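Visitor: Below you will find the structure I want to go over with you.
The values are calculated or read from the model by the stated rules, or taken from the named source; none is laboratory data. Treat the numbers as computed from the prediction; the structure is a model and nothing was measured. Note that each Cβ is placed from the backbone with ideal geometry, even for glycine, and that neighbours are counted across all protein chains shown.
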Amino acid sequence: MKDIQNIVILTGAGISAESGVATFRGPDGLWEGHRVEDVATPEAFARDSDLVQKFYDERRAQLATVAPNAAHLALAELEAKWPGDLLLITQNVDDLHDRAGSQKLLHMHGELSSAWCLACDGRSPFTGQMALDPACPQCDQFGHLRPDIVWFGEMPYQMERIELALTQCDLFVSIGTSGAVYPAAGFVQSARHYGAETLEMNLDPSEGSFHFHQSRMGRAGELVPAWVEEILSHGLC
Ligand code: APR
């Protein structure tokens, strides 16, 4: 077994499912009753900003009703105790990793609790309702805030840092993601190309499951704490 120092972990909606946050691709193909292209594209925002703002206002309000689960907490514990490097990349726009205590964390698809002002280009912490057209906390102009969320067709955040981390990691772990959305879905291939071991933990095989050296199927709330205990005590994946 390879000596593991640097770990990169990618999480998706499945890690927050047991906290009560809906995944994107449910059995009906809808996300909280909406087609993704009706709420998660720049075109949708240009067409009906009120619908999009209200949709994300509801998701933001829901954050107060959910809490990190055992999987989020286990990853924060791993970060605190792991002697090597660790980077947690989440596709999730909820704040459950943050609230669990993870700090070496990148929100590659943005955050519900951040507002992006299209007037001054500033980003600010945000907890209210954007549909009410509040003023930007930085430039005070009204009506220019949008959710600081990476929509389809937009460039995910921090890609240079992520790509560098993928070239340097010894172990790449993917948790609770369907592997349907690039570039995140391609991280496993990059990490493998540069020599990393790769492990997937998901409820069912993701679209790119065959790229992983090892797949563990089940609930993140059970698989992730068990894996963290394992790697902290034996350094194995
Ligand atoms: N434990 C582990 N995995 C789970 C659990 C669970 N309790 N519940 C669901 N899953 C798995 C599902 O089987 C599915 O494979 O989590 C995955 C969630 O997949 P998606 O809903 O497609 O979410 P995700 O992969 O994060 O979506 C990627 O798509 O719409 C965009 O930007 C959005 O970040 C999102 C991106």
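Visitor: Identify, please: which residue in the stretch 211-220 is within 14 Å of the ligand (Cβ to nearest atom) and surrounded by 14 or more Cβ atoms within 10 Å (Cβ to Cβ) and is, among those, nearest to residue 182 (Cα to Cα)? Outline the logic, then answer.
Guide: In the first step, residues of the stretch 211-220 are kept if they are within 14 Å of the ligand (Cβ to nearest atom); the result is 212, 215-220.
Filter once more, keeping what is surrounded by 14 or more Cβ atoms within 10 Å (Cβ to Cβ): 212, 215-216, 219-220.
Working: 212: 16, 215: 20, 216: 22, 219: 23, 220: 22 Å.
Restricting to residues being within 14 Å of the ligand (Cβ to nearest atom) and surrounded by 14 or more Cβ atoms within 10 Å (Cβ to Cβ), the top hit is 212.
Visitor: Here's a follow-up. All but one of (1) within 12 Å of the ligand (Cβ to nearest atom); (2) modelled with pLDDT of 95 or more; (3) hydrophobic (A, V, I, L, M, F, W, C); (4) loosely packed, with under 14 Cβ neighbours inside 10 Å hold for residue 223, so report the exception by its number.
Guide: Answer for residue 223: the failing condition is (4).
Visitor: Every residue in the stretch 178-199 that is touching a Ser or Thr at 6+ places or on another chain (Cβ under 6 Å) and within 10 Å of the ligand (Cβ to nearest atom), please.
Guide: 178, 179
Visitor: Of 43, 18, 111, 79, which residue is charged (D, E, K, R), within 16 Å of the ligand (Cβ to nearest atom), more than 18 Å from residue 147 (Cα to Cα) and at pLDDT 95 or above?
Guide: Working: 43 fails: more than 18 Å from residue 147 (Cα to Cα); 111 fails: more than 18 Å from residue 147 (Cα to Cα); 79 fails: within 16 Å of the ligand (Cβ to nearest atom).
Testing whether each residue is charged (D, E, K, R), within 16 Å of the ligand (Cβ to nearest atom), more than 18 Å from residue 147 (Cα to Cα) and at pLDDT 95 or above leaves just 18.
Visitor: Now, a different point. Pull out all pairs, ordered by first then second residue, where Cβ-Cβ is under 8 Å, the residues are six or more apart or on different chains, the first lies in the stretch 99-110 and is within 13 Å of residue 12 (Cα to Cα), and the second is crowded, with 19+ Cβ neighbours inside 10 Å and of a type in the set (D, E, K, R).
Guide: 110/148
Visitor: Also, I was wondering about something else. Which of the following residues is over 30 Å from residue 6 (Cβ atoms), modelled with pLDDT of 95 or more and surrounded by 17 or more Cβ atoms within 10 Å (Cβ to Cβ): 145, 105, 118?
Guide: Just one listed residue meets the conditions, 145.
Visitor: Which condition does residue 56 not pass, out of (1) surrounded by fewer than 18 Cβ atoms within 10 Å (Cβ to Cβ); (2) farther than 19 Å from residue 207 by Cβ; (3) not β-branched (Val, Ile, Thr), if it passes all the others?
Guide: Status for residue 56: all satisfied but (1).
Visitor: Continuing with this model, one more query. May I ask you to list pairs of residues, at least six apart or on different chains, whose Cβ atoms are under 9 Å apart, with the first in the stretch 172-183 being without any contact (Cβ under 8 Å) to a residue 60 or more places away in the chain and the second being within 7 Å of the ligand (Cβ to nearest atom)?
Guide: Correct list of pairs: 179/12; 179/202; 179/206.
Visitor: If a residue must be in contact with a strand residue (DSSP E or B) (Cβ under 8 Å, 6 or more places away or on another chain) and either surrounded by fewer than 16 Cβ atoms within 10 Å (Cβ to Cβ) or not in a loop (DSSP other than H, G, I, E, B) (or both), how many such residues does the stretch 123-139 contain? Let's see the steps before the verdict.
Guide: Step one: list which residues in the stretch 123-139 are in contact with a strand residue (DSSP E or B) (Cβ under 8 Å, 6 or more places away or on another chain), which gives 123-127, 130, 133-139.
In the following step, the residues that additionally are either surrounded by fewer than 16 Cβ atoms within 10 Å (Cβ to Cβ) or not in a loop (DSSP other than H, G, I, E, B) (or both) were identified as 123-125, 127, 130, 133-135, 137-139.
Selection size over the stretch 123-139: 11.
Visitor: Oh, and also: Return yes or no: is residue 52 in contact (Cβ under 8 Å) with a residue 24 or more places away in the chain, within 10 Å of the ligand (Cβ to nearest atom) and either aliphatic (A, V, I, L, M) or more than 19 Å from residue 151 (Cβ to Cβ) (or both)? Please lay out each step first, then the result.
Guide: Details: in contact (Cβ under 8 Å) with a residue 24 or more places away in the chain: yes; within 10 Å of the ligand (Cβ to nearest atom): no; either aliphatic (A, V, I, L, M) or more than 19 Å from residue 151 (Cβ to Cβ) (or both): yes.
No.
Visitor: Report yes if residue 172 is more than 12 Å from the ligand (Cβ to nearest atom) and closer than 20 Å to residue 92 by Cβ, otherwise no.
Guide: Details: more than 12 Å from the ligand (Cβ to nearest atom): yes; closer than 20 Å to residue 92 by Cβ: yes.
It is true that residue 172 is more than 12 Å from the ligand (Cβ to nearest atom) and closer than 20 Å to residue 92 by Cβ.
Visitor: Could you tell me whether residue 166 is more than 16 Å from the ligand (Cβ to nearest atom), touching a Ser or Thr at 6+ places or on another chain (Cβ under 6 Å) and modelled with pLDDT of 95 or more? Write out each step before concluding.
Guide: Numbers: more than 16 Å from the ligand (Cβ to nearest atom): yes; touching a Ser or Thr at 6+ places or on another chain (Cβ under 6 Å): yes; modelled with pLDDT of 95 or more: yes.
Spelling it out, residue 166 is indeed more than 16 Å from the ligand (Cβ to nearest atom), touching a Ser or Thr at 6+ places or on another chain (Cβ under 6 Å) and modelled with pLDDT of 95 or more.
Visitor: Which condition breaks for residue 208 when tested against (1) near the ligand (Cβ under 10 Å from one of its atoms); (2) more than 30 Å from residue 49 (Cβ to Cβ); (3) in contact with a Gly (Cβ under 6 Å, 6 or more places away or on another chain)?
Guide: Here residue 208 clears every test but (1).
Visitor: A further question follows. Cβ-Cβ distance below 9 Å, separation of 6 or more or different chains: which pairs start in the stretch 59-76 with a residue that is under 18 Å from residue 39 (Cα atoms) and end on one that is more than 13 Å from the ligand (Cβ to nearest atom) and part of a helix (DSSP H, G or I)?
Guide: 60/130
Visitor: Okay, next question. Of everything in the stretch 76-117, what is in a helix (DSSP H, G or I) and touching a His at 6+ places or on another chain (Cβ under 7 Å)? Give them in sequence order.
Guide: If the condition is that a residue be in a helix (DSSP H, G or I) and touching a His at 6+ places or on another chain (Cβ under 7 Å), then 96, 97, 100 are the ones that fit.
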